[in-house]
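Sending over a structure as structure tokens; questions will come in a sec.
The values are calculated or read from the model by the stated rules, or taken from the named source; none is laboratory data. Note that the coordinates shown come from a computational prediction; the quantities given were computed from them, not determined experimentally. In this analysis, Cβ positions are derived from the backbone assuming ideal geometry, glycine residues included, and neighbour counts consider all displayed protein chains. Accessible surface areas use protein heavy atoms only, side chains included; no ligands, DNA or RNA. Shrake-Rupley method; radii C 1.70, N 1.55, O 1.52, S 1.80 Å.
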Amino acid sequence: MPEDLAREASFLALSLVDTPYRYGGNTPAGGFDCSGLIVYVFRNAAGLGLPRTVAQLARVGRPVRRGAMRSGDLVLFDTTGRFSHAGIYVGAGRFVHAPSTGGVVRLDGVQARYWKPRFSGVRRV
């Protein structure tokens, strides 16, 4: 994806921080789960149709080294199994994601105590 569209995806993701989490959710009005957030952002910011599950997202685009991440990349985590959570990298070591029931879309660090050991890869679409 061109860098300008990747930046648009990052800006849109950041604008959705504090949207409620909802399992299976894929709209700002209805809330988001992690993959629903990613599908929504990439469709609306870049016109890209992405698959709906994290396992499928882990196979799109191409892998990127952790040290070469840029805004708009997908970051993948192993929380309840291989490739079970994902977010959108927005730069400065941070990513936007919809983490859990009862929560909201939020900004976290990939190096944070919880996320660092669960980090499992980066994909550039």
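Using the heavy atoms of the protein chains alone and a 1.4 angstrom probe, what is the accessible area of the chain per residue in square angstrom?
About 48 Å² of surface per residue is accessible.
So, one more: Distance from the Cα centre of the range 21-83 to that of the range 89-105, in angstrom?
So the two Cα centres are separated by 11 Å.
Then there's this: Is the range 41-87 best put as rounded, prolate or oblate by its Cα gyration tensor, with a ≥ b ≥ c the root eigenvalues, rounded for a/c under 1.5, and otherwise prolate when a/b is larger than b/c, oblate when not?
oblate
Sticking with this one: Assign unit charges at the C-beta atoms only (+1 for Lys and Arg, -1 for Asp and Glu), then state the dipole size of the chain relative to its Cα centre in Debye, rounded to the nearest 20.
440 debye
So for the chain: antiparallel DSSP bridges make up what percent, rounded to the nearest 5?
Beta bridges within the chain, antiparallel portion: roughly 95 percent.
Let me ask you something else. Could you sort the peptides 37-43, 67-73 by per-residue average Cβ neighbour count (10 Å cutoff), highest mean leading?
37-43, 67-73
Using Cα pairs closer than 8 Å and at least 6 residues apart in sequence, work out the relative contact order for the chain, in percent.
29 percent
While we're here: Quick one: pull the percent of accessible area on the range 45-115 belonging to carbon and sulfur, 1.4 Å probe, ligands and nucleic acids left out.
Looking at the range 45-115 in its full context, I get 52 percent from C and S.
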